[in-house]
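Reading through the structure tokens given below for one structure.
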Amino acid sequence: MKKQLEKLPFYNKAVLPYHYVQAEVAVTKYHHPAKKLRVIGVTGTNGKTTTSFMIWHMLRSAGYNAGIMTTVAYGVDKLRPELNHMTTVDPFTLNQRINDLKDQGIEFLVLEVTSHALVEHRTLGVPFEIGVFTNLTHEHLDYHKTIEKYRAAKGKLIKKAKFSILNADDPATKYYKTLTDDYITYGIKSGQKRAKDIKLSISGVEYSVDDMKIKTSIPGEFNVYNSLAAALVGEKLGLTKDQIYKGILSLKSVEGRMNIIDEGQPFTVIVDYAHAPDALEKVFNSVKGHKGKVISVHGGAGRRDPSTRPIRGEILAKNSDIVIITEDDSRDEDPESIAAGFIEGATKHGKTLDKDLFKELDREKAIALAFEKAKPGDLVLILGKGHEKTILRADGPHPFEDTKVATKLLKAYKKAH
């Protein structure tokens, strides 16, 4: 019944009073657990998780007791995986977890914040000392309906935060500047703080901003933006240049984000969470220097904005030599119907079914197919689920991790070859 109601165009707006009351009850039940914490909120379409981890790692490296809550995991010293396929959890779970982290003596909390959470008041009672905006691209319009409403939803964090750190290279920042008087902007092309002398490699990025050097252990130009935002959080909090440099560099990886899977196979395998059009473009841009063929495995989630499916199909086709369309969290939507949108976009860009475009709706078989097609020196990109531990089908969740499945299949590949 609830699933049927959620399809009604006015449903999300109609239940907002319920969400507000739920949040009020939750924050009262746990006695406003975030009240005395110094909270850094990170929002944006892409880059939230990596930026959050960079900030958390930087604070921990500098000797501060800091907790983190993200799409991937939450905790202080020992992180627990986030199993809910949700970035900012419901207000009762959120406040319970904040209360638990507070009891572990944290001073800082790095909180990844989604547009859904902001609209539904899940972060009610959380005092944001700093709000970070990474970027805004086409996503979640199944929920927000228009890009303007999506932009406004993320703006709620900027309104709440005492100080904001805004990506000047993103057009949405012009709007966000009208919501706050206390902010700093960053970017590559523009901004008060600009990354210069950028060097990109498969092992990370390095650049300078003013008289400060920044280096990451994670590749991709997008990590220039992520690390620069994190560095500015460090500056605002009074960390030294050395603490910022060492803290960001010490983060070796984020689960499900540009993770290289190496079992000695003669081709490269990377697992990444990218599922929005802009995120896919950024992943492909980060591997443009690769010499061999690119083979991509990707699919779309059910009950999510269907308009992005042909767009993503085109992006995959444009940037891959071979495209394999597979399942993601189909939920109660027909996987064949979901795949059709991707195939439409890929064929529009010139791919041909069963030649350089394949449909394999069993995700494990799709990954195996990619490995069969790969030749020495090629690159296989497994995209869309990243860190997630389950796949959601019509009959509920099933255990599934891209990294574990890829590792198992690569070991079998090695034995067979």
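The values are calculated or read from the model by the stated rules, or taken from the named source; none is laboratory data. Note that the coordinates shown come from a computational prediction; the quantities given were computed from them, not determined experimentally. For neighbour counting, all protein chains shown are included, and Cβ atoms are generated from backbone atoms with ideal geometry for every residue, glycine included.
Of note:
- Considering region 200-221, the residues that are polar (S, T, N, Q) and at pLDDT 85 or above include one that is farthest from the chain's Cα centre (by Cα), namely Ser208.
- All conditions in (1) under 23 Å from Met69 (Cβ atoms); (2) surrounded by fewer than 18 Cβ atoms within 10 Å (Cβ to Cβ); (3) not assigned by TED's automatic domain parsing to the domain that holds Asn65 hold for Glu263, with the sole exception of (1).
- All conditions in (1) closer than 18 Å to Val42 by Cα; (2) at pLDDT 90 or above; (3) in contact with a His (Cβ under 8 Å, 6 or more places away or on another chain) hold for Asn99, with the sole exception of (1).
- Complete set of residues in region 385-417 that are in a helix (DSSP H, G or I) and surrounded by 14 or more Cβ atoms within 10 Å (Cβ to Cβ): Asp402, Thr403, Val405, Ala406, Thr407, Lys408, Leu409, Leu410, Tyr413
- Neighbours by Cβ (under 8 Å, 6+ apart or cross-chain): first from region 276-288, more than 14 Å from Asn135 (Cβ to Cβ); second among the aromatic types (Phe, Trp, Tyr): Ser286/Phe222
- Residue count for region 148-162, restricted to those that are outside any helix (DSSP H, G or I) and crowded, with 19+ Cβ neighbours inside 10 Å: 1
- Filtering region 102-117 to residues that are part of a helix (DSSP H, G or I) and buried (at least 23 other Cβ atoms within 10 Å of the Cβ) leaves Ser115, Ala117.
- Scanning region 24-52 for residues that are over 11 Å from the mean Cα position of the chain (by Cα), crowded, with 23+ Cβ neighbours inside 10 Å and part of a helix (DSSP H, G or I) turns up just one, Val27.
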